[in-house]
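Here's the structure we're looking at; comments come further down.
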Amino acid sequence: MTKQIELSGVNKYYGAFHALKNIELSIEKGTFVALVGPSGCGKSTLLRSLAGLESISTGDLKIAGELMNNVPPRKRDIAMVFQSYALYPHMTVEQNLTYSLRIRGIGKAEAKKAAEEVAATTGLSQLLGRYPRELSGGQRQRVAMSRAIIRHPKAFLFDEPLSNLDAALRVHMRKEIRTLHDRLGATSVYVTHDQIEAMTMADHVVVMKDGVIEQQGAPLELYDRPANKFVAGFIGSPAMNFVPATVGADGRSLAVDVGEKQTIPVDRQLEPGRVVTAGLRPEHLHFVDPGQGVFRLPVGIVESTGSATYITTSTAAEVTIVETSRRSVRTGDIIDISVRPSDVHVFDDKTGVRI
Amino acid sequence: MSETNRNRLMLVIAILMAAVYLFPLYWMYITALKSGSEMFATPPSFWPSQPQWDTYPFVWESRNMGRYLWNSLVIASGAVVLITVLGVGCAYVLARYRNVWVDIGLFLILMLQVLPASLMITPIFVGYSQLGMLNYPRLAVIIAIAAKSMPFFVVLVRATFMAVPQELEEAALVDGNSRVGAFFNIVLPLARNGILVSAILIFMQAFGEFVYSKSIIQAVELQPASVGLNSFMGPNTNEWNRIMAYATIYVTPILAIFVLLQRRIVSGLTSGAIK
């Protein structure tokens, strides 16, 4: 596999503000990479640096093996889909699609043919003569995508392309973008703040916070083995429960502090007496018959969506449980909860790093 | 009071205000058509009993208005071209970069707007005479008007450029254009309406400019219509109908431009002309 995009030791400063800190990232050809994180984490800056719209302060940035640090955007051969789509309002759909080709001096007839081919695959054939203002949100989104596809670039960059669409269309476009990526064999970098988009679309997820890559890897790897508390809380919905705990004398159990101390087993040897944070995913906690569980928790709020019931306990450190079976439960009940020892995540109390 | 009555009252007030505001214009048009005796009649008549249409050709011929208007046109067009060429670039830079120096620059530009022409004319005149610019009086006036009206143009056009999303330019860069290419291909076409409107406003201002022209242009054959109108009026003037005819010929084209383009001008001033 060849490396399509390589970043090593990349830093970006805006005056005194350190926006990207020592970024190491290498993307193989044909991979779909998602950059995800809360707003202001540097994911958009990183994407814009790849496009050449921002210059990096130190480090190396290579696209298809060539050093691109000081190469202007037009010579990088990358395509970008903007959050606002950035369609040229004074051009028709066809002119929007062929703009990049016309700049490169490709003949009118050839450009028109290319536009028609791309439009046929994205369902825009009937709309080539329209202006962007005459299109719906979803259609504009397609034009923005088509404008990127028509050039067969070395990489596609997406800057939160679905955030302006309504929920149903977003789910639909998610699949469409991924299908398109696979069909073109393209290399894509996709910025989003929505972890579900990142998890469902990407082969490789990069979680960022404050300009630092907190963890990167396959989506399920991030879900199963989060490197720290931040990643653990960011990936997964509803978010992981964090409960203060102390390692038991045998080193194989945790005394978790949920109002009163309760002991739960873990599957690895820990340092006895160490103060830690236990991480429990809501979907790994199961509501069981009295006497079967490791926990006994008082029920606070019960919310049901039909497919699942969200139970929030009334303990000091709130614990959320997702239960898919229809067991009746009411506020004030004391319920028994079980959890598999292998599903208990343990993080250092101070640094938040996984133990 | 009901909603419709309220609206009617507002409408009446608006019409009254407009009537007060437009009365001088109306008086100009009817006085131009009155005869010498009707003009001074007491009480004044609000509609000419016998419209004197031949006042117009008489004034046009006797005052040599064709030449004056041509000079006005040359000066106004020259100023508009100069301001547009220089001002568009300036406005773009001020729209796209934000830092302390840009703020200082904007402040100075607005300061220039505050200074009246009658204050500026003395230093300008002295400077021009030192440089020998008084030998090219129309060019000298064009430059003076450009200097005075540029801030107004820059501030208006800057707002237009700020309404063009930066992402469009970035998309053009990624699509393979250079910064200069993106400016001419994407930004300029989108800002065209705002630039056009600002240029028309500048043209209308420059067409009526008086202080610089009066002070700098000595030769009668190079003077614009505003100076010609002024020289028409002496201390013992009594031919007001002819003066009003002159004024009518002078301002009607400008009024016509404004009325015809009024919708575009207003929308250009408020919306920045971009959706």
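Legend: P(r) of the protein assembly as shown from all alpha carbon pair distances, 20 Å bins from 0, whole percents, reading 14, 31, 27, 18, 8, 2, 0.
For chain B, the gyration tensor built on C-alpha atoms gives an oblate shape. Its axis ratio a/c (a ≥ b ≥ c) is at least 1.5, and a/b is not larger than b/c.
Packing order of peptides A:198-208, B:163-173, highest average first: A:198-208, B:163-173 (average count of other Cβ atoms within 10 Å over each peptide's residues).
Pairs of Cα atoms nearer than 8 Å and 6+ residues apart set the relative contact order; for chain B it is 31 percent.
Residue ranges A:304-316, B:92-104 sort as A:304-316, B:92-104 when ordered by packing (mean number of other C-beta atoms within 10 Å per residue, highest first). By other beta-carbon atoms within 10 Å, ranking B:Ser213, A:Ser125 with the fewest at the front produces A:Ser125, B:Ser213. The base-10 log of I(q)/I(0) for chain A, evaluated at q = 0.07, 0.16 Å⁻¹, reads -0.40, -1.28 [Debye formula, identical scatterers on Cα atoms, solvent excluded]. Listed by chain and number, the aspartates and glutamates placed with their C-alpha closer than 13 angstrom to that of B:Lys148 are B:Glu209; residues fewer than eight positions away on the same chain are left out. Taking each of A:Lys12/A:Lys229; A:Lys3/A:Lys108; A:Lys43/A:Lys261; A:Lys3/A:Lys350; A:Lys21/A:Lys350 in turn, the alpha-carbon distance tops 31 angstrom for A:Lys3/A:Lys108; A:Lys43/A:Lys261; A:Lys3/A:Lys350.
Relative to the longest principal axis of the Cα atoms of chain A, the long axis of helix A:167-184 lies at roughly 60 degrees.
Ranking of A:Ile264, B:Ile216 by neighbouring Cβ atoms within 10 Å, starting from the fewest: A:Ile264, B:Ile216. Report the relative contact order of segment B:1-131, percent, no decimals, based on alpha-carbon pairs under 8 angstrom and at least 6 residues apart. Computed value for segment B:1-131: 11 percent relative contact order. The DSSP beta bridges internal to the protein assembly as shown are antiparallel in roughly 75% of cases.
The sum of -39500 (n - 2.57) across all DSSP H runs of n ≥ 4, divided by the residue count of chain A, sets its helix-only mean residue ellipticity at 222 nm to -7000 deg cm²/dmol. Helix screen, chain B: DSSP H segments with Cα axial length of 30 Å or more and mean Kyte-Doolittle hydropathy at least 1.0 are B:3-33, B:65-96, B:137-162.
The numbers here are math on the coordinates, done by the rules we state, and not lab data. In this text the structure is predicted, and so the values were computed from the model without any measurement. Virtual Cβ from ideal backbone geometry, glycine too; neighbours counted across all protein chains shown.
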